[in-house]
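Working notes, structure below.
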Amino acid sequence: MPLLRLLGQALTHPLDKHLARCLLCGSGDEVQAGVCAPCQHDLPTLGHACARCALPLPETQDRHCAACIQRPPPQAASVACWSYAYPVAQLVQRFKYQRDFAAGRTLAELAAQALYPHIQLAPRVDILVPIPMHWRKQLIGRGYNQAQLIADIFGHHWRLPVAPGALRKVAASDSQQTLTRAQRRKNLTHSFAAEPQVQNLHVGLVDDVITTGATQEAAAQSLLAAGAARVSVFALARTP
Ligand SMILES: [Zn+2]
Ligand SMILES: [Zn+2]
């Protein structure tokens, strides 16, 4: 191809060129939603997991993990697309901390397709609600709520309304990373407030990663307290 024509193409289709390359390996073949078919195949699919909290389980008949049997969480179900491992963990971090929206969009679109069968189960989800970030953190810190971007993409694929205002974070909780599970739960219990608009609805709560599950449990608790009929959690990934 003559150099000038090649250059002209690069200038008129810079975005297409960029999107047509695999985010992970750079290949231009069989790219769908930003990742090529072989790389998609290699992503760490979660596999058999607890129906309540999405904790990965050994391949047995067990539907629930020991913790959920002992103390059932407020949400009726949790599903995650991948294990929080390479390269999904790296893509989530690029999305979260480096504002790599292409990485976030890719993960959300692939997860929307993979999790679609769960959306068709009865009772059907009525509305999607992203886990909110406290407004102060949103203004000063990362500046956008990644869970909302994921919820918007899920809502688009699943033809469900998204209600970002239905759940608010009312207290900026201390950094959760150094706390134990019990401390996190205590710290989070009163940190969400849900609006009456969720009354009698089956709410699909959307987040990027389920780590201990404490955040999703606290959010589900407030939604149920505000009258939601049922809460199911949808996430991109789950830490083992
Ligand atoms: Zn690839
Ligand atoms: Zn569980």
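The values are calculated or read from the model by the stated rules, or taken from the named source; none is laboratory data. Just so you know, these numbers come straight off a predicted model, no measurement behind them. Virtual Cβ from ideal backbone geometry, glycine too; neighbours counted across all protein chains shown.
Residue under question is VAL79, and the condition is that it be within 16 Å of ligand 1 (Cβ to nearest atom), under 17 Å from ALA111 (Cβ atoms) and not basic (Lys, Arg); does it hold? First the steps, then the outcome.
Numbers: within 16 Å of ligand 1 (Cβ to nearest atom): no; under 17 Å from ALA111 (Cβ atoms): yes; not basic (Lys, Arg): yes.
No: the conditions fail for VAL79.
Can you find a residue that is farther than 18 Å from ARG238 by Cα and at pLDDT below 95 anywhere in region 150-164?
yes
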Only one of CYS68, CYS53, CYS39 is within 13 Å of ligand 2 (Cβ to nearest atom), surrounded by 13 or more Cβ atoms within 10 Å (Cβ to Cβ) and part of a helix (DSSP H, G or I), namely CYS68
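Please enumerate the residues belonging to region 200-227 that are part of a loop (DSSP other than H, G, I, E, B) and either at pLDDT 95 or above or among the aliphatic types (A, V, I, L, M) (or both).
Taking region 200-227 and keeping what is part of a loop (DSSP other than H, G, I, E, B), we get 200-201, 211-213, 226-227.
Result: ASN200, LEU201, ALA226, GLY227.
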